[in-house]
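The values are calculated or read from the model by the stated rules, or taken from the named source; none is laboratory data. Computed from a predicted model, the values in this text were never measured in an experiment. Using ideal geometry, Cβ is built from the backbone for each residue, glycine included, and neighbour counts are taken over all protein chains shown. These area figures cover heavy atoms from the full protein model, side chains too; ligands, DNA and RNA do not enter into them. Shrake-Rupley method; radii C 1.70, N 1.55, O 1.52, S 1.80 Å.
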Amino acid sequence: MLSIEVQRLSKRFPGHSSPVFSDLSFSVSRDQSLCLLGPSGCGKTTLLRMLMGLELPSAGTIYIDPLSAPHMSYVFQEPRLVPWRTCLENVLLPLELSATLRAADKARALDLLAQLGPAERLQHCPGELSGGMQMRVALARALVTAPRIILLDEPFAALDERTRFRMQDLLLELK
């Protein structure tokens, strides 16, 4: 069963003579991973934003499995944490916003923070954390909802090599 199907997708920004990309088609089945590779500026982030519904395509169609669509998470290139909330509060934010926060969710958030590394800094605010630590909190925030689809936009760029490999392995285990 397909989770995502993209057909003849194009994106052109107003005032630009050439499209970011055009006639892009692909599909992703359930339990399949897809990695987008390309040079800076080729439209990877734009495509992810379109899949998440944050950008509209100029042409083409995007199909997201209706059972998966409400269970999607997106990790931006930068952490985008709420500066006045602690690590734990930032991780719990999507559950609070959807009014689905339960006691078990707090335990899951604590477990994710322990696996990802910043557990010893639960009560710290983002400004007190390194860039890599902030990205791990953002990743925990995306995973706490147990998404069926997770879109990652260079989430490991701020991490050192050793931590990057550990995070990649962790994501594969959580799959």
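In order along segment 22-36, the Karplus-derived 3J(HN,Hα) couplings, from 6.51 cos²θ - 1.76 cosθ + 1.60 at θ = phi - 60°, round to 8, 6, 8, 9, 6, 9, 10, 7, 4, 6, 10, 10, 9, 10, 9 Hz, and Gly and Pro are given as x.
Using a probe of 1.4 angstrom and keeping all protein chains present, the accessible surface of segment 1-94 works out to 59 square angstrom per residue. Once the Cα atoms are used to define both axes, helix 161-174 deviates from the longest principal axis of the chain by about 80 degrees.
Could you check how much of the accessible area of the chain is carbon and sulfur, as a whole percent, using a 1.4 Å probe?
Details: 5400 of 9980 Å².
Exposed carbon and sulfur together represent 54 percent of the surface.
Against the main long axis of the alpha-carbon atoms of the chain, helix 87-97 sits at an angle near 60°.
With the simple model of a label 7 Å out from the Cα in the direction of the Cβ, Arg80 to Arg8 spans 3.0 nm.
Nearest 20 debye, what's the magnitude of the dipole of segment 95-175 about its Cα centre given +1 on Lys and Arg Cβ and -1 on Asp and Glu Cβ? Before the final figure, lay out the partial values.
Numbers: 11 positive and 11 negative charges, 48 e Å.
Dipole size: approximately 240 debye.
Tally Lys and Arg at +1 and Asp and Glu at -1 over the other residues with C-beta under 10 Å from the C-beta of Ala140: what net charge comes out? Don't jump to the answer; show the numbers that get you there.
Details: positive: Arg108, Arg136, Arg141; negative: Asp111.
Every neighbour counted, the sum reads +2.
Straightening the chain between Ala107 and Ser33 buys 23.9 nm, computed as 0.36 nm per residue apart minus the Cα-Cα spacing. Basic side chains Lys and Arg get +1 at the Cβ, acidic Asp and Glu get -1 at the Cβ, and with that the dipole of the chain about its Cα centre reaches some 160 debye. For segment 54-122, chymotrypsin sites (Phe, Trp or Tyr not before Pro) are listed when DSSP marks them as loop and at most 15 other Cβ atoms sit within 10 Å of their Cβ; the list is Trp84.
What shape does segment 82-174 take by its C-alpha gyration tensor, where a ≥ b ≥ c are the square roots of the eigenvalues and a/c under 1.5 counts as rounded, a/b above b/c as prolate, and the rest as oblate?
Oblate, because a/c is 1.5 or more while a/b does not exceed b/c.
From its DSSP helices (H runs of at least four residues, each -39,500 (n - 2.57)), the chain gives a residue-normalised ellipticity at 222 nm of -10500 deg cm²/dmol.
Of the trypsin sites (Lys or Arg not before Pro) in segment 85-125, the ones in a loop by DSSP (not H, G, I, E or B) with at most 10 other beta carbons within 10 Å are Arg102.
Between the Cα long axis of helix 131-143 and the first principal axis of the chain there is an angle of about 80°, rounded to the nearest 10. Looking at segment 106-175, the accessible area is 52 square angstrom per residue; that uses a 1.4 Å probe and ignores ligands, DNA and RNA. What shape does segment 65-104 take by its C-alpha gyration tensor, where a ≥ b ≥ c are the square roots of the eigenvalues and a/c under 1.5 counts as rounded, a/b above b/c as prolate, and the rest as oblate? Taking the square roots of the gyration eigenvalues as a ≥ b ≥ c, segment 65-104 is oblate.
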